[in-house]
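The values are calculated or read from the model by the stated rules, or taken from the named source; none is laboratory data. What you see is a predicted model; the values in this text were computed from it and never measured. Note that we place each Cβ from the backbone using ideal geometry, even for glycine, and neighbour counts take in every protein chain shown. SASA here: full protein model, heavy atoms, side chains in, ligands and nucleic acids out. Shrake-Rupley method; radii C 1.70, N 1.55, O 1.52, S 1.80 Å.
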Amino acid sequence: MSQGPRSGLAAVSSALLAMSRHLEVRDVLKTIVASARELLDAQYAALGVPDDHGGFAQFVVDGVSDAQWKTIGPLPRQHGILAAMLQEARPERLADVRKDPRFEGWPSAHPDMSDFLGLPIRDGDEVIGALFLANKLRSAGGHPPRPKPLGGCGFTEEDEALLSILAQHAAIALTNARLYERSRELTIAEERSRLAHELHDAVSQKLFSLRLTAQAAAALIDRDPARAKGELHQVAALAAEAADELRAAVVELRPAALDEDGLIATLRTQIQVLDRAHSACVTFDSNGFRALPAAQEDALLRVAQEALHNALRHSGAEHVGVRVDRRGGGAVLRVSDDGSGFDPQSVRSAGRHLGLVSMRDRASGVGGTLTVESAPGKGTTIELEVPGG
């Protein structure tokens with residue numbers, strides 16, 4: 001084990017350096033998972049962050065190719081051994097996870113696993129995630145594999161101790177993720193407030209014009225009835241516009257009602273509001289969309305909102321188009337603008353500002369794919385494809 005401590009320090013150091021460089025949360029999680037697998041000489045490693053609906057908001061794996069991961073299917077649910085890590089909140093070392101009474105099987109494309117080491121990730125008394133390792137390789141440098149202990153788990157107590165160190169750093173990364181998400185929510189709330197003020201101003205202007213036109217009609221009613229009639233028609237038109245603006249303000253200030261209205265109706269309503277509130281022309285279209293699980297629809301909505309925010313606030317676009325189409329059992333969202341564009345290869349620092357990291361996290365969280373096409377002066381197209389349920 002002379003190499004073990006140095007390997008352990010290198011792995012922990014790698015995770016710490018990733019965080020100190022202010023990498024995005026998902027990059028940090030990937031670093032922790034890769035470090036854990038390399039440190040403990042495991043074939044597979046994973047880190048799961050639970051959501052509030054019996055599944056995982058994020059599930060980062062190492063040792064499984066992208067092609068394999070897509071074949072496996074949607075993110076796992078919290079059952080069996082995964083649930084034990086989150087609910088019983090204690091470490092687990094198993095010689096063969098398949099023989100544990102809590103084991104409930106895997107999808108057909110899932111790789112086969114035996115040795116298992118799992119640790120809950122805690123933030124104080126709260127379990128906010130879990131680290132999993134499987135299939136101890138038991139290699140020693142370039143030497144042949146060491147035999148597995150008779151009847152025991154290939155992962156040792158020392159492995160468990162080293163993994164617990166990484167779990168502590170994972171807790172820091174996940175806490176940062178929550179803080180980041182809260183900051184995003186505050187940004188969205190600020191944007192909603194700003195838009196509400198814009199709508200309020202628009203309604204106020206309409207009502208002011210309505211008042212002046214009504215006064216003009218009253219002054220003309222006796223001496224020029226024909227002209228007064230024209231002014232009254234204008235009063236009716238202004239009143240209708242003011243009513244539309246008020247309805248738009250109410251819609252924008254209420255939470256997005258995905259459960260009640262569905263994705264298409266929610267997007268159409270919000271885009272109508274944005275089209276009124278901004279000088280750019282904002283349009284929406286859809287074709288063949290069928291309802292998806294709540295997580296997928298929420299990801300599509302949030303990415304659309306983020307992309308619209310960028311296009312309307314930063315790109316100087318005159319036209320912004322949003323489209324949602326069915327693709328296979330899932331759907332694809334496209335948000336395109338004719339604005340200033342940017343160089344996608346040199347926006348790592350700007351990516352945070354443009355919300356690209358948030359969009360990528362939302363995409364990966366539901367097994368989707370985010371594509372960004374842009375160039376200076378050529379506008380931007382953001383496409384999100386999500387699988388079905």
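Brief remarks follow.
- Complete set of residues in the range 298-322 that are more than 18 Å from GLY355 (Cα to Cα) and either surrounded by fewer than 16 Cβ atoms within 10 Å (Cβ to Cβ) or hydroxyl-bearing (Ser, Thr, Tyr) (or both): GLU318, HIS319
- Tally, over the range 104-117, of residues that are of a type in the set (A, V, I, L, M, F, W, C) and surrounded by 16 or more Cβ atoms within 10 Å (Cβ to Cβ): 3
- Single residue of the range 323-344 satisfying the filter (over 21 Å from PHE284 (Cβ atoms) and of a type outside the set (S, T, N, Q)) that is least open to solvent (accessible area, probe 1.4 Å): GLY341
Let's see how each residue does on (1) in contact (Cβ under 8 Å) with a residue 24 or more places away in the chain; (2) under 24 Å from SER358 (Cα atoms):
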{"position": "ASP52", "(1), (2)": "no, yes"}
{"position": "ALA57", "(1), (2)": "yes, yes"}
{"position": "ILE72", "(1), (2)": "yes, no"}
{"position": "ALA83", "(1), (2)": "no, no"}
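- ALA317 falls short of the stated requirement of being of a type in the set (A, V, I, L, M, F, W, C), modelled with pLDDT of 85 or more, in contact with an Asp or Glu (Cβ under 8 Å, 6 or more places away or on another chain) and assigned to a helix (DSSP H, G or I).
- All positions within the range 153-175 that are open to solvent by 40 Å² or more (accessible area, probe 1.4 Å) and either assigned to a loop (DSSP other than H, G, I, E, B) or at pLDDT below 75 (or both): THR156
- Residue match in the range 345-352 (condition: under 19 Å from ILE271 (Cβ atoms) and either buried (at least 22 other Cβ atoms within 10 Å of the Cβ) or touching a residue at least 60 places away in the same chain (Cβ under 8 Å) (or both)): no
- Residues of the range 267-288 that turn out to be among the hydrophobic types (A, V, I, L, M, F, W, C) and surrounded by fewer than 16 Cβ atoms within 10 Å (Cβ to Cβ), as a count: 1
- Wholly within the range 28-137, strands (runs of 3 or more DSSP E) carrying at least 1 residues that are aromatic (Phe, Trp, Tyr): 42-50, 56-62, 116-123, 126-136
- Checking each residue in the range 369-389 for being within 10 Å of VAL332 (Cβ to Cβ) and of a type outside the set (D, E, K, R) picks out THR369, THR371, LEU384, VAL386.
- The single condition from (1) farther than 22 Å from GLY341 by Cβ; (2) open to solvent by 40 Å² or more (accessible area, probe 1.4 Å); (3) modelled with pLDDT of 85 or more that ALA295 fails is (3).
- From the list ALA95, ALA11, ALA36, the lone residue that is under 27 Å from ALA161 (Cβ atoms), at pLDDT 80 or above and open to solvent by less than 20 Å² (accessible area, probe 1.4 Å) is ALA36.
- Residues of the range 57-87 that are closer than 22 Å to ALA299 by Cβ, open to solvent by less than 10 Å² (accessible area, probe 1.4 Å) and at pLDDT below 85: none at all.
- Residue within the range 143-152 that is modelled with pLDDT of 80 or more and small (Gly, Ala, Ser) present: no
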